[in-house]
Amino acid sequence: MKAVVLVGGEGTRLRPLTYKTPKGLLPIANLPFLDRQLAWLTGHGVDDIVLSLGYLPDAFREHLAADSAASVLPDEARFDSARIRFRQEPEPLGTAGGIRFGAEGIDERLIVCNGDVLTDLDLRALVAFHEASGAEATIALTRVEDPSAFGVVPTRDDGEVVAFVEKPPPGRAPTNWVNAGTYVLEPSVLERIPPRLTVSIERETFPRMLDRPGRLFAFRSDAYWIDIGTPEKYLQAHTDLLAGCIGSSPVPGATEREPGVWTQVR
């Protein structure tokens, strides 16, 4: 499987941490966030990954090149069993524009994920649901207590999306299932995105797909999920990892001395 990871954001809400380090390379429990995300993707069989770069692009190249074979091309790297390719946006293109730009040359089914979401979502289950529904695009959903800060996605019983409600007022949301930032897209979806233009997949591409039934579905999951884009959530991600909310060990090689207390020899 192939994937595009959107890592071009400036991480303005996390400043000053992101003045010199892109959000995707900030450490979470002593491991760069990108490494956690790549391990999650490759663990579900993704073997060809495109990083859609924007802000501080060389930091990603340098980080991944450090562990790659010398024979790797300048615009490629390796991570475990996967080939990593770099595509640098000439200017910010939005989520849909960034996906279209990063996916140039790919003419098959594609997994897309935001580069600031820590999750243990079952990607194989997501793809299986996508295939069974016959969808052109499938959105992973997560459940939150207060959906007023998110894009809310009401669906029919079979998962077909019926509407998008962006950041509804508190207490007015039709559901507490929100867009989790991971998608499965068929090539026909990418063809509808104008090349090299700034386009939002959440506000433009997906809503326009509702004009014909049966094209857009959503997959509900109670898997762990957090957007690390604010200082509060970034800190919570560390706390959750140390508490065992995601994975058996927060850092490879670390030892839990007592509940919630880990040590690592570096």
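The values are calculated or read from the model by the stated rules, or taken from the named source; none is laboratory data. Small disclaimer: the values here were computed from a predicted structure and weren't measured. Here the Cβ positions follow ideal geometry from the backbone for every residue, glycine too, while neighbour counts run over all protein chains shown. Side chains are part of the model used for accessible areas, which takes the heavy atoms of the whole protein and leaves out ligands, DNA and RNA. Shrake-Rupley method; radii C 1.70, N 1.55, O 1.52, S 1.80 Å.
Restricting the search to segment 205-252, which residues are closer than 17 Å to Thr263 by Cα, of a type in the set (Gly, Ala, Ser) and either in contact with a Gly (Cβ under 9 Å, 6 or more places away or on another chain) or loosely packed, with under 14 Cβ neighbours inside 10 Å (or both)? Spell out the reasoning first.
Going residue by residue through segment 205-252, those that are closer than 17 Å to Thr263 by Cα are 238-244, 247-252.
Add one more test, that the residue is of a type in the set (Gly, Ala, Ser), and what stays is 243-244, 247-249.
Within segment 205-252, Ala243, Gly244, Ser248 qualify.
Within segment 215-227, is even one residue in contact with a helix residue (DSSP H, G or I) (Cβ under 6 Å, 6 or more places away or on another chain) and among the basic types (Lys, Arg)?
yes
Over 30 Å from Gly244 (Cβ atoms) and surrounded by fewer than 18 Cβ atoms within 10 Å (Cβ to Cβ), is that true of Glu104?
yes
From the list Thr239, Thr205, pick out the single residue that is touching a helix residue (DSSP H, G or I) at 6+ places or on another chain (Cβ under 6 Å), polar (S, T, N, Q) and not in a strand (DSSP E or B).
After ruling out the rest, the residue left standing is Thr205.
In segment 107-122, which residues are open to solvent by 10 Å² or more (accessible area, probe 1.4 Å) and closer than 18 Å to Arg83 by Cβ?
Hits for segment 107-122 are Asp107, Glu108, Arg109.
Does Arg85 count as at pLDDT below 80, among the basic types (Lys, Arg) and either open to solvent by 50 Å² or more (accessible area, probe 1.4 Å) or touching a Ser or Thr at 6+ places or on another chain (Cβ under 9 Å) (or both)?
No: the conditions fail for Arg85.
Scanning segment 123-158 for residues that are closer than 24 Å to Lys2 by Cα and touching a helix residue (DSSP H, G or I) at 6+ places or on another chain (Cβ under 9 Å), which turns out surrounded by the most Cβ atoms within 10 Å (Cβ to Cβ)?
Ile139
Tell me which of these Val189 doesn't satisfy, since it passes every other one: (1) open to solvent by less than 30 Å² (accessible area, probe 1.4 Å); (2) in contact (Cβ under 8 Å) with a residue 60 or more places away in the chain; (3) not charged (D, E, K, R).
With respect to (1) open to solvent by less than 30 Å² (accessible area, probe 1.4 Å); (2) in contact (Cβ under 8 Å) with a residue 60 or more places away in the chain; (3) not charged (D, E, K, R), Val189 is out only on (2).
Mind checking which pairs have a first residue in segment 137-160 that is on the phi < 0 side of the Ramachandran plot and without any contact (Cβ under 8 Å) to a residue 60 or more places away in the chain and a second that is among the hydroxyl-bearing types (Ser, Thr, Tyr) and assigned to a loop (DSSP other than H, G, I, E, B), Cβ under 9 Å, 6 or more apart or different chains?
Pro147/Thr175; Val152/Thr175; Pro154/Thr175
In segment 161-186, what count of residues is obtained for those that are out of contact with any Leu (no Cβ under 7 Å at 6 or more places or on another chain), in contact (Cβ under 8 Å) with a residue 40 or more places away in the chain and over 22 Å from Asp211 (Cβ atoms)?
Result for segment 161-186: 1.
Using the structure shown, decide if Arg143 is basic (Lys, Arg), modelled with pLDDT of 85 or more and under 17 Å from the mean Cα position of the chain (by Cα).
Against the criterion (basic (Lys, Arg), modelled with pLDDT of 85 or more and under 17 Å from the mean Cα position of the chain (by Cα)), Arg143 qualifies.
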